[in-house]
Amino acid sequence: MLVPAYVYCKEEMLEHILSDRSLEQLINVASLPGIEKAAIVMPDAHEGYGFPIGGVAATRWPEGLISPGGIGYDINCGVRLLLTPLNYEDVAGKLELFSQELAATIPSGTGKGGEIKLAPEEMDEVLRMGAGWAVRNGMGNEADLAMIESNGCLINADPAAVSEQAKQRGYDQLGTIGAGNHFVEVDKVSEIFDESAARSFGIRKEQVVILIHTGSRGLGHQVATDYLRLMMNVMSEYHYKPRDRELAGVPFNSKEGQDYFNAMAAAANFAWCNREIITYEIRQAWQAVFNRSGDEIQLLYDVAHNIAKIEEHIVDGKPKKLIVHRKGATRAFGPGNEELPEKFRTTGQPVLIPGSMGTASYVLVGTNKSMETTFGSTCHGAGRTLSRTAVKKLVGGPQLKQALRDQGIFVEAGSWRGLAEEAPIAYKDIDLVVDTVHESGIALKVAKLKPLVVVKG
Amino acid sequence: MPPYKQLPHTSDIRLSIRAQTREALFLAALQGMSALLQKGFCDQQNDSQPEVDRIEITAADTTGLLVDFLSEVLTRCHIRKVIYCGIVFSELSDTNLKATISGKKSDHFEEDIKAVTYHEADVRINENNQYETIIIFDI
């Protein structure tokens, strides 16, 4: 190990983390060429590919390693939170209708395409412009852009670095959720922990809010696959032989490293455009069901949790430019950071942590403690503890839907099997995960969200 | 015993694959992946026009060759909306594969496989003189 490995978790969660290879993988990460300060894993950690999920690692810019395994197959998988002006009592009678309208408006499910079919030149524009493409084409609001991490566009994105196969996989996938643990969820704010931050964010108790969790779909998966294969073939030229094939990587400033970084940025832009168009679809559904303008729905923030960024952090008391890999970890910049929109400069950025269906999700705020200790990062979700096979033996889709309905949660799912696989019992206790980061100070609790509607593939 | 079987995995899908020959191992892995995309698809009678694709892969070793082969097939499944069930090799060595794969159009997949991973993949000959490996699919 070249640097220490740090694990953020409460004692009662340690058993889960020790039950798989998360720590072995973290130790491998701590040995990456050019790694700085520490390899870190969050309390929602579980075994990933190369890097553990919930992992954060920073390598020295410009010659340190960049590894697709440190970002994950779903590039810029992330979360955005929309704020509505209505309270729970205003919508309670129409929630079932709203769930059905959302399911009809937002394509979801395995390999499902949407209404938008991009031409090749439009695809290149999406990859260059990110969320701005949706706004320019009437499928987003200009005001949204400032409320997205990196304004929804990484400027180094290069469509030419993205393979034709990756583009083909994305031509009909904008505005779609996909399957697995991706969803659109309508919540009510059930608890406020920090009145001041909540007020700054425009959040109040009983308010109806909407969470979106999805990423770059097949396009991003293909970019990761393409570059992992490429790096595996060339990394010996850079005298790098990782302990695990999925840790394949190259120096950031190599030709292959730059190509990957620019392709990853293009895929990240695709994901931001995707979440912007899903927002447009939600606004349409809102208008249809509540007979109110969809534009009254405001974007609080949109954060990535699978990405690599060039950032400056303090290492050994000095500012240093680093290649920060976040894989299942959310950026959590604290107050005063110039990367943040003006609105969040005094509070720190909103941090959005989705839980599992039927439990809770959280809004937190980034802190300067996270800047000092975790490269401005925190957890990203609950993290699975039960396999899909195991959970399906314990619960069936129809029973789960009814059980959630009994709790006041309307679920629209593409398949019973897919629904059962995402049952809450398959996940860690989100309260414990969030309490861990709160108590360690790497993000602080602002509000708790209770699900009312879940739409998933 | 079927040439592939699913083993427990917390978040994704782990297949154990065994076969008497390297060619049979690649076919079993292909059919195992196809069964994840749609259970029973390759066993169904289907009168639709067969979809045929040529595929060429080079990798550093047999493990890399198998994972890269499955990745390439998966990509084509997604792009062409086809599930592939058959393979005819014109060349298969430790590091090179040239083959024709065949399958049928499918209007849906049951599993959204993000990627075929190298994690735990290790093609080797076991004590029973069979080829075997684990393949984990990120879903």
Among helices (runs of 4 or more DSSP H) entirely inside segment A:339-457, those with 1 or more residues being over 30 Å from residue A:200 (Cα atoms) are A:388-394, A:397-406, A:416-421
Where residues in segment A:194-206 are surrounded by fewer than 22 Cβ atoms within 10 Å (Cβ to Cβ) and not in a helix (DSSP H, G or I), which of them is nearest to the other protein chains (Cβ to nearest Cβ)? A:194
Among the residues of segment B:99-123, what is the count of those that are within 11 Å of chain A (Cβ to nearest Cβ) and more than 23 Å from residue B:14 (Cα to Cα)? 2
Condition first: modelled with pLDDT of 95 or more, surrounded by fewer than 24 Cβ atoms within 10 Å (Cβ to Cβ), in contact with a helix residue (DSSP H, G or I) (Cβ under 8 Å, 6 or more places away or on another chain) and part of a strand (DSSP E or B). Can you find one or more residues in segment A:310-329 that meet it? yes
Please work out if residue A:371 is modelled with pLDDT under 90, more than 14 Å from chain B (Cβ to nearest Cβ) and within 30 Å of residue A:347 (Cβ to Cβ). no
Which numbered condition in (1) within 14 Å of chain B (Cβ to nearest Cβ); (2) acidic (Asp, Glu); (3) part of a loop (DSSP other than H, G, I, E, B); (4) surrounded by fewer than 22 Cβ atoms within 10 Å (Cβ to Cβ) is the only one that residue A:74 fails? (4)
If residue A:266 satisfies all but one of (1) touching a helix residue (DSSP H, G or I) at 6+ places or on another chain (Cβ under 7 Å); (2) closer than 20 Å to residue A:56 by Cα, what's the number of the condition it fails? (2)
Can you pull out every residue in segment A:263-295 that is in a loop (DSSP other than H, G, I, E, B) and among the hydroxyl-bearing types (Ser, Thr, Tyr)? A:293
Out of (1) more than 21 Å from residue A:223 (Cα to Cα); (2) more than 16 Å from the chain's Cα centre (by Cα); (3) not hydrophobic (A, V, I, L, M, F, W, C), the one residue B:122 does not meet is (2)
Give segment B:57-71 a look and list any residue that's outside any helix (DSSP H, G or I) and either among the small types (Gly, Ala, Ser) or over 16 Å from residue B:89 (Cα atoms) (or both), or say none. B:59, B:60, B:61
Just checking, which of B:96, B:126 is exposed (fewer than 13 other Cβ atoms within 10 Å of the Cβ) and either at the interface with chain A (Cβ under 10 Å from one of its Cβ atoms) or more than 17 Å from residue B:67 (Cα to Cα) (or both)? B:126
Can we say residue A:89 is surrounded by fewer than 24 Cβ atoms within 10 Å (Cβ to Cβ), free of Cβ contacts under 8 Å to residues at least 12 places away in the same chain, away from every other protein chain (no Cβ under 14 Å) and of a type outside the set (A, V, I, L, M)? no
Any hit, segment B:50-73, residues being among the aromatic types (Phe, Trp, Tyr) and either within 14 Å of chain A (Cβ to nearest Cβ) or closer than 20 Å to residue A:245 by Cβ (or both): yes
Residues of segment A:223-244 being within 25 Å of the chain's Cα centre (by Cα), in a helix (DSSP H, G or I) and surrounded by fewer than 24 Cβ atoms within 10 Å (Cβ to Cβ), which ones? A:226, A:229
Are there any pairs with C-beta distances below 6 angstrom linking a residue in segment A:402-429 that is closer than 19 Å to residue A:381 by Cα to a residue that is among the hydroxyl-bearing types (Ser, Thr, Tyr), with the two at least 6 apart or on different chains, and if so which? A:424/A:356; A:424/A:359; A:427/A:356; A:428/A:385
How many residues, within segment A:231-253, are at the interface with chain B (Cβ under 8 Å from one of its Cβ atoms) and of a type outside the set (A, V, I, L, M)? 4
Checking residue B:32 against (1) of a type in the set (Gly, Ala, Ser); (2) within 30 Å of residue A:424 (Cα to Cα); (3) surrounded by fewer than 21 Cβ atoms within 10 Å (Cβ to Cβ), only one condition comes out false. Which one? (3)
Count, please, the residues in segment B:21-57 that happen to be in contact (Cβ under 8 Å) with a residue 24 or more places away in the chain and within 22 Å of residue B:112 (Cα to Cα). 18
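Of the residues that sit in segment A:217-230 and are over 17 Å from residue A:158 (Cβ atoms) and touching a residue at least 40 places away in the same chain (Cβ under 8 Å), which one is farthest from the other protein chains (Cβ to nearest Cβ)?
Filtering segment A:217-230 for residues that are over 17 Å from residue A:158 (Cβ atoms) and touching a residue at least 40 places away in the same chain (Cβ under 8 Å), the one farthest from the other protein chains (Cβ to nearest Cβ) comes out as A:217.
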Residue check: is residue A:94 in contact (Cβ under 8 Å) with a residue 24 or more places away in the chain, outside any loop (DSSP other than H, G, I, E, B) and basic (Lys, Arg)? yes
Select from segment A:145-191 the residues that are surrounded by 24 or more Cβ atoms within 10 Å (Cβ to Cβ), part of a helix (DSSP H, G or I) and more than 14 Å from chain B (Cβ to nearest Cβ) and list them in ascending order. A:149, A:152
For segment B:16-26, what are the residues that are more than 14 Å from chain A (Cβ to nearest Cβ) and surrounded by fewer than 20 Cβ atoms within 10 Å (Cβ to Cβ)? B:18, B:19, B:20, B:21, B:22, B:23, B:24
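Yes or no: residue A:348 within 14 Å of chain B (Cβ to nearest Cβ), within 28 Å of residue A:208 (Cβ to Cβ), surrounded by 24 or more Cβ atoms within 10 Å (Cβ to Cβ) and not hydrophobic (A, V, I, L, M, F, W, C)?
Answer is no for this residue.
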Exactly one condition in (1) surrounded by 24 or more Cβ atoms within 10 Å (Cβ to Cβ); (2) under 13 Å from residue A:325 (Cβ atoms) is false for residue A:61; which is it? (1)
Counting only residues that are away from chain B (no Cβ under 14 Å), of a type in the set (D, E, K, R) and over 20 Å from residue A:108 (Cα atoms), which one in segment A:374-416 is surrounded by the fewest Cβ atoms within 10 Å (Cβ to Cβ)? A:406
Residue A:419 fails exactly one of (1) more than 14 Å from chain B (Cβ to nearest Cβ); (2) in contact with a helix residue (DSSP H, G or I) (Cβ under 6 Å, 6 or more places away or on another chain); (3) not basic (Lys, Arg), namely (1)
Part of a loop (DSSP other than H, G, I, E, B) and surrounded by fewer than 19 Cβ atoms within 10 Å (Cβ to Cβ), is that true of residue B:112? no
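The values are calculated or read from the model by the stated rules, or taken from the named source; none is laboratory data. The model shown is predicted, which means the values in this text are computed figures rather than measured ones. Glycine also receives a Cβ, built like all others from the backbone with ideal geometry; neighbour counts cover every protein chain displayed.
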